[in-house]
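The values are calculated or read from the model by the stated rules, or taken from the named source; none is laboratory data. Note that the structure is predicted; figures quoted are calculated from it, not measured. Note that we place each Cβ from the backbone using ideal geometry, even for glycine, and neighbour counts take in every protein chain shown.
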Amino acid sequence: MKNYLEHKGYIATIQFSADDRAFFGKIEAINDLITFEADNVKDLESRFVTAVEDYLDTCKELGKEPDKTFIGVFNVRVNSTIHKKLFLMGRKRGLNLNQLVARSVSFTIDNEDLVLQIARGEH
């Protein structure tokens, strides 16, 4: 199941409100809050494309960078057993924990479909 929309490299996460009988979307990884809504999928897709195009046009007119800046640092919380196992796995290979996690994340990105299949127990 895919619960996001994608256009020009931008994605929007989608939610549904049963009370309002409407779909809501939010464009992710940008410097502003841009949302859109519709009562059916076809209109939601159209409003998403329009929202992305309008946002990019506005940013261009203002001379503003549309994409959120990511500094490359984030915290990951795991239990102490996993932390120890990762630390030792890295040491066995001459890597510190940061290097091991960075390589693991890169592998996950490069092999997204395979990793998701394994996570779902399909492989």
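Assorted remarks:
- Of everything listed in (1) under 17 Å from the mean Cα position of the chain (by Cα); (2) exposed (fewer than 12 other Cβ atoms within 10 Å of the Cβ); (3) at pLDDT 95 or above, the single unmet condition for Lys42 is (1).
- Filter result for Gln117 (surrounded by 11 or more Cβ atoms within 10 Å (Cβ to Cβ), without any contact (Cβ under 8 Å) to a residue 12 or more places away in the chain, touching a His at 6+ places or on another chain (Cβ under 8 Å) and among the polar types (S, T, N, Q)): yes
- Taking the range 1-42 as the region of interest, the strands (runs of 3 or more DSSP E) fully inside it that hold 1 or more residues being of a type in the set (Ser, Thr, Tyr) are 4-7, 10-17, 35-38.
- You will find that of Ala22, Ala18, the residue that is over 30 Å from Asn98 (Cα atoms), exposed (fewer than 12 other Cβ atoms within 10 Å of the Cβ), of a type in the set (Gly, Ala, Ser) and not assigned by TED's automatic domain parsing to the domain that holds Val101 is Ala18 and no other.
- For the range 63-87, the set of residues classified as among the aliphatic types (A, V, I, L, M) and surrounded by 10 or more Cβ atoms within 10 Å (Cβ to Cβ) consists of Val78, Ile82, Leu86, listed by residue number.
- Some residue of the range 92-107 being under 23 Å from the mean Cα position of the chain (by Cα), closer than 30 Å to Asp32 by Cα and loosely packed, with under 10 Cβ neighbours inside 10 Å: no
- Selection within the range 52-77 - among the hydrophobic types (A, V, I, L, M, F, W, C) and over 18 Å from the mean Cα position of the chain (by Cα): Leu56, Cys59, Leu62
- Residues of the range 53-62 classified as of a type in the set (Ser, Thr, Tyr) and either in contact (Cβ under 8 Å) with a residue 24 or more places away in the chain or surrounded by fewer than 12 Cβ atoms within 10 Å (Cβ to Cβ) (or both), total: 1
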